[in-house]
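Down below is the structure, laid out as structure tokens.
Just so it is clear, none of the values below were taken in a lab; they were calculated from the coordinates. It should be emphasised that the depicted structure is a prediction, and the values quoted were computed from it without experimental measurement. Using ideal geometry, Cβ is built from the backbone for each residue, glycine included, and neighbour counts are taken over all protein chains shown.
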Number of protein chains: 2
Amino acid sequence: MGDDAAVLAPFAGEALISTDVAVLGVHLAPDLFPLEDLGYKAVASAVSDLAAMGGRPRAAVVAVAAPPGTDLEELHRGIADAAAMTNCPIVGGDLTQAQQVSVAVTVMGETPGKGSVLRSGARPGDTIFVTGPLGRSAAGLRRRREGAPLDDPLVVAHRRPWPRLLEGLAARHAGVNAMMDLSDGLGIDFHRLADASHVGFVLTHLPIADGCTEYEAIGGGEDYELVMTTAEPDRLLEMFDRRGLRMPIAIGLVVKDPSIRTLRNDPMPRSGWQHEL
Amino acid sequence: MGDDAAVLAPFAGEALISTDVAVLGVHLAPDLFPLEDLGYKAVASAVSDLAAMGGRPRAAVVAVAAPPGTDLEELHRGIADAAAMTNCPIVGGDLTQAQQVSVAVTVMGETPGKGSVLRSGARPGDTIFVTGPLGRSAAGLRRRREGAPLDDPLVVAHRRPWPRLLEGLAARHAGVNAMMDLSDGLGIDFHRLADASHVGFVLTHLPIADGCTEYEAIGGGEDYELVMTTAEPDRLLEMFDRRGLRMPIAIGLVVKDPSIRTLRNDPMPRSGWQHEL
């Protein structure tokens, strides 16, 4: 801090970098949520991109643009919370004036040992897993609109998403073929993975979280659960079990024909989160 | 590209990271300059932070926020120009809606061989150098306001600053003790270097670029020349000469007493660029 750039000790393995910008009024409704949530979510969503590659965070930098009078301390509190909880130190930043509050977060990570897990590695016959039931974030937004308090568990899931870093590392160490995080919803994100891998998929099971609708589970974004495909499902389950992580949930199979994209025998349309507030 | 994070091959030496956000109407007057200049300047100012550490760029990510209807292609042209000219590939990005155009650029760099040059290493007796005469950017903004065309050389200096990457590397290899880039103007930036190093300074010479005022040279920002201090001035000059770089200009000496801060025998006030448009 204080120099023109932050200096980091050498990286283990490949270096990862990802950037995310969160804008007040676009990514967070200012009438429903405190400003600190914008800072938290900006950092968490960027860190989740590292989890999706099987990486671990090394550092983040944060560029804030805000109108005069913005409570920067509150914003920073959310940023610092997410940085502490994901073990990702903020090593630099920039602050400038603008009409609207925005937080641009760039995270750097590393992949000690084997290389990163990409979206493009899924192979026919792979089993598809997700790290948890879906829909909590979208349901939390709905419940907040209906008047639920900020500490309602589903509202918290929306406000304070938890990047699946340990799960991503475990999956990489278990040799999964492809992985990504669910930021826009399974209904759109898994098409992206299948596109990148030139494969199709047969989803047999949709794990809907308690209190959520099917639409929220498939079309809602910001769950930040990981979805992964592997030729060695037993190895994946064993790795999660050994590390004391919640068991991933098998939801289907990768197939060769890219035109086959079904959920419980029906074609799965591309539907996802449009950041509607 | 296309994955959640970009993957980079291992770094040589320390890893550097820096972020800068440029906002239309704050960092660039939309009535005076084309939108592509905002993209160019955002990348160039971030890369300049690497130059200031003696680093070389490895990659950048760009987060753009913009209202509907923004000419993103034009913005991207400026980003791509700066990336190409500084040999810093754009490896990822994010795009979101906002009321105002902003470009947040994060650059990563590396320092093969010895470590980075910090602001805090200046020692009494060091000779102070800058890599070129000062004031061109501020003079260019003035001239543009007076009606000068976009291709006026001083206007170009404002629109298209050139990060001093080769000079920063040469200075690091010549063992300079401290370095930074002049983004806010010598009048404020050199105080920052002296503060970080707990030293004073006696500036004997102010190199004013042709067509610029003394005020622009000392108080104008965005020149992005490097200022450095070294105990071995001959070694620095020899290194620049051998590499075919323009000779750095000696402007004064570092002194032990932090309260001594003079320019041509007068106290040098803290004055710098306030991004006034």
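Over the Cα atoms of segment A:119-267, what is the Rg over Rh ratio if Rh follows Kirkwood?
Working: Rg = 15.2 Å, Rh = 15.4 Å.
A ratio of 0.98.
Highest mean first, how do A:39-51, A:160-172 rank when packing is the count of other Cβ atoms within 10 Å averaged over residues? Spell out each step's value before the answer.
Values: A:39-51: 29.3, A:160-172: 23.7.
The most tightly packed comes first, giving A:39-51, A:160-172.
If you take the square roots of the eigenvalues of the alpha-carbon gyration tensor of chain B and sort them as a ≥ b ≥ c, do you get rounded (a/c under 1.5), prolate (a/b over b/c) or oblate?
Numbers: a/c = 2.02, a/b = 1.32, b/c = 1.54.
In terms of gyration-tensor shape, oblate.
Shown here: segment B:91-134, whose C-alpha atoms stretch 52, 30, 19 Å along the first, second and third principal axes, sorted largest to smallest. Per residue, chain B reaches -9000 deg cm²/dmol at 222 nm when only DSSP H runs of four or more residues are counted, each adding -39500 (n - 2.57).
In Å, what Kirkwood hydrodynamic radius results for segment A:1-150 from the alpha-carbon pair distances? Walk me through the numbers before you get to the answer.
Numbers: mean 1/r = 0.0588 Å⁻¹.
It is 17.0 Å.
The mean number of partner chain beta-carbon atoms within 10 angstrom of a residue's beta-carbon across peptide B:204-217 is 0.
Give me the percent of DSSP beta bridges within segment A:154-275 that run antiparallel, rounded to the nearest 5.
Of the beta bridges lying entirely in segment A:154-275, close to 75 percent run antiparallel.
Pop the C-beta distance of A:His173 and A:Leu150 into the FRET formula with R0 = 45 Å and round what comes out to the nearest 0.05. The formula returns an efficiency of 0.80 here.
How much of the DSSP bridge set in the protein assembly as shown is antiparallel, in percent, rounded to the nearest 5? All intermediate terms of the calculation are to be shown ahead of the outcome.
Working: 80 of 106 bridges.
Expressed as a percentage, antiparallel bridges in the protein assembly as shown total about 75.
Here the contact order of segment A:14-111, divided by its residue count and restricted to Cα pairs under 8 Å and six or more residues apart, works out to 47 percent. Shown here for segment A:125-215: chymotrypsin sites (Phe, Trp or Tyr not before Pro) in loop regions (DSSP other than H, G, I, E, B) with at most 10 other Cβ atoms within 10 Å, of which there are none. Give the residues of segment B:120-154 whose amide nitrogen is closer than 20 Å to a point set 7 Å from the Cα of B:Arg270 in the direction of its Cβ. Within reach of a label on B:Arg270, which here means backbone N under 20 Å from a point 7 Å along Cα→Cβ, segment B:120-154 contributes B:120-122. Per residue of peptide B:48-58, the mean number of Cβ atoms on other chains within 10 Å of the residue Cβ is 2. In order along segment A:175-183, phi translates into HN-Hα couplings of x, 5, 8, 8, 7, 7, 9, 8, 9 Hz, rounded to whole numbers, per the Karplus curve 6.51 cos²θ - 1.76 cosθ + 1.60 with θ = phi - 60° and x for Gly and Pro.
Rounded to the nearest 5, what % of the DSSP beta bridges within segment A:14-111 are antiparallel ones? Numbers along the way, then the final one.
Numbers: 19 of 27 bridges.
Taking every DSSP beta bridge with both residues in segment A:14-111, the antiparallel ones total about 70 percent.
Distant-in-sequence amide contacts of B:Glu110, defined by a placed amide H-H separation under 5 Å and a gap of 5 or more residues or a different chain, comprise B:Leu16, B:Arg56, B:Arg58.
Projected onto its three principal axes, the C-alpha set of the protein assembly as shown covers 81, 44, 40 Å, listed from the longest axis down.
Counts of other chain beta carbons within 10 angstrom of each beta carbon in peptide B:90-100 average 6.
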